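> This structure is in structure tokens; I'll ask about it shortly.
The values are calculated or read from the model by the stated rules, or taken from the named source; none is laboratory data. For clarity, every value in this text was computed on a predicted model and none was experimentally measured. Note that each Cβ is placed from the backbone with ideal geometry, even for glycine, and that neighbours are counted across all protein chains shown.
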């Protein structure tokens, strides 16, 4: 049966697609989830893997291959829970874009994926993507060529060719990392009006006006906010209350906290804090940043120190470091908190494992459960509710 994805934009749809369905709604959160892992296929991985999570116990089944795909480093889930989208993080020769986005249908019984179609990302090295709250459009960031694109999602979940494409321009102060633009993430505001793109090469968080019905992007006014020169903004998250936002800075190993003007789509910096212990002296870069569904805590990943940083968020949106917890592996990339807010899964790219942590609901502290999943070159973690 074909599932029509022109969903009504209801309160329930809003919270489900924001990732907060289990805590924001009065209904009891689902306790069973499919968990998908995006990977690099440069070693033994063949694509996207899937496990099942019993959220009541924090137990996961051994991962199985769900669908083959080349370098599906990041994946995104349609709000209907029946389609998955994956980048193919590839670069072309002679300036020709080779990046792609592949659409899949999800078999909710087995977790297996069936490819629907593949379209160009309009750039090289696509590394991040998201589907809008109504399921009508998808946005993607091309790291290698420093651009963003938006494409329509068809009623059957397949993708149309990109309807909007914007190439970033400029550079910043780090001659090795910032000679040109490097769009590293794209996030959609809760009200579906704006797309926020963190560009590591420009030291800017850019904002675009967004029309999902036409998959269109247009520069906002103001068009961007700056972070500290050389910081290298990478990934971004809104606070669940919609009044604050956070960007993790890869090169400086910091997080910048902002207030957010929802009417104008504008950000104002609150402060910038380190993700590392004061006595750490080694090399490090950061990767992911995630706000807890409760809005009380923020988490960031350190590659080098190989840890998850836990921050407490105060009433003003500012951060205070609580602890750094080893991820039990090397080079933690993406991590994700399950929709019930009880468990955090961290993908250790260079040690081929995903570590499972329990989250203390009072302090936000993490405790390793002892469960570790074998996944080759894991990068990304995403959940699909089976409730």
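> Kindly provide the set of residues from region 341-356 that are farther than 21 Å from residue 235 by Cα and in contact with a strand residue (DSSP E or B) (Cβ under 9 Å, 6 or more places away or on another chain), ordered by number.
Once the filter is applied, which keeps residues that are farther than 21 Å from residue 235 by Cα and in contact with a strand residue (DSSP E or B) (Cβ under 9 Å, 6 or more places away or on another chain), region 341-356 yields 342, 352, 353, 356.
> Can you tell me which residue is nearest to residue 129 (Cα to Cα) among those in region 40-77 that are without any contact (Cβ under 8 Å) to a residue 24 or more places away in the chain and in a strand (DSSP E or B)?
Among them, the one singled out is 68.
> To continue, here is another question. Here is a list: 128, 168. Which entry is within 18 Å of residue 38 (Cβ to Cβ), surrounded by 21 or more Cβ atoms within 10 Å (Cβ to Cβ) and in contact (Cβ under 8 Å) with a residue 24 or more places away in the chain?
128
> Here's a check for you: in region 263-274, which residue that is assigned to a loop (DSSP other than H, G, I, E, B) and touching a strand residue (DSSP E or B) at 6+ places or on another chain (Cβ under 9 Å) is surrounded by the fewest Cβ atoms within 10 Å (Cβ to Cβ)?
Residue satisfying both the conditions and the ranking: 264.
> I'd like to check which strands (runs of 3 or more DSSP E) are fully inside region 291-387 and have at least 1 residues that are out of contact with any helix residue (DSSP H, G or I) (no Cβ under 7 Å at 6 or more places or on another chain) and without any contact (Cβ under 8 Å) to a residue 60 or more places away in the chain.
Per the criteria, 297-303, 307-313, 319-326, 332-337, 343-348, 353-359, 366-374.
> OK, next. Could we say that residue 257 is part of a strand (DSSP E or B), in contact (Cβ under 8 Å) with a residue 60 or more places away in the chain and out of contact with any helix residue (DSSP H, G or I) (no Cβ under 9 Å at 6 or more places or on another chain) here?
Yes, satisfied.
> Could you pull out the residue among 197, 141, 150 that is touching a strand residue (DSSP E or B) at 6+ places or on another chain (Cβ under 6 Å), at pLDDT 95 or above, more than 17 Å from residue 233 (Cβ to Cβ) and crowded, with 18+ Cβ neighbours inside 10 Å?
None of the others qualify; the one that does is 150.
> Still on this structure: With the condition kept exactly as written, say whether any residue in region 31-43 is surrounded by 20 or more Cβ atoms within 10 Å (Cβ to Cβ), more than 17 Å from the chain's Cα centre (by Cα) and over 17 Å from residue 338 (Cβ atoms).
No; the residues of region 31-43 include none that is surrounded by 20 or more Cβ atoms within 10 Å (Cβ to Cβ), more than 17 Å from the chain's Cα centre (by Cα) and over 17 Å from residue 338 (Cβ atoms).
> Which is surrounded by fewer than 23 Cβ atoms within 10 Å (Cβ to Cβ), touching a strand residue (DSSP E or B) at 6+ places or on another chain (Cβ under 9 Å), outside any loop (DSSP other than H, G, I, E, B) and in contact (Cβ under 8 Å) with a residue 12 or more places away in the chain, of 240, 219, 277?
219
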